[in-house]
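Please read the structure below before turning to the comments.
None of the figures in this text is laboratory data; all of them are computed from the coordinates on show. Note that the structure is a prediction, hence the values are computed from the model and not measured. With ideal geometry, Cβ positions are generated from the backbone for all residues, glycine too; neighbour counts draw on all protein chains shown.
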Amino acid sequence: MPKFIVETNFQFYGIIRRADSTIEVSEAILQAEMNMGTKEVKSKSGNVTIRPLSGLLNHCTPADKETAEMVGKEAKKPEATEFDNLARIAEIKELMDEMGKAYDNRWKLKRFEEELTKARISTGA
């Protein structure tokens, strides 16, 4: 069965689908959604993009290669695991200690990376 990852909240077949959840649909439903067609959307800056009329295809990305091949889009790449993030945070803490810069253990990976960049700029490393 085709599987999708929900990118933004939307309603599909009477149920609100929340972001970062997954949906599995039958191939018949997927084909019906693909047959709805597309529309041109103009932004304020004048750019024109072509978007599907289907809520499923408009708000979701394929979760695996088989679904991506059916739809004709790229499958979403898996995000880094929490273990990978912890290992990277430990590396950044070590670098910050070497530079003599302070950090807060409550920070998440994104903040650590931002502060490491600032520390490198200020020390010239």
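Stretching the chain fully between S122 and K73 yields a gain of 13.4 nm (0.36 nm per residue, less the alpha carbon separation). The region of the chain that goes longest without hitting one of the GluC sites (Glu not before Pro) in a DSSP loop, each with at most 11 other Cβ atoms within 10 Å, is 1-73. Taking all Cα pairs closer than 8 Å and separated by 6 or more residues, the relative contact order of the chain comes to 19 percent.
Fully extending the segment from E113 to E91, taken as 0.36 nm per residue of separation minus the present Cα-Cα distance, adds 6.9 nm. Each of F10, F112 has some number of other Cβ atoms within 10 Å of its Cβ, and from fewest to most they run F10, F112. Working note: 222 nm ellipticity from helices only, DSSP H runs with n ≥ 4, each -39,500 (n - 2.57), summed and divided by the residues of the chain, gives -12500 deg cm²/dmol to the nearest 500.
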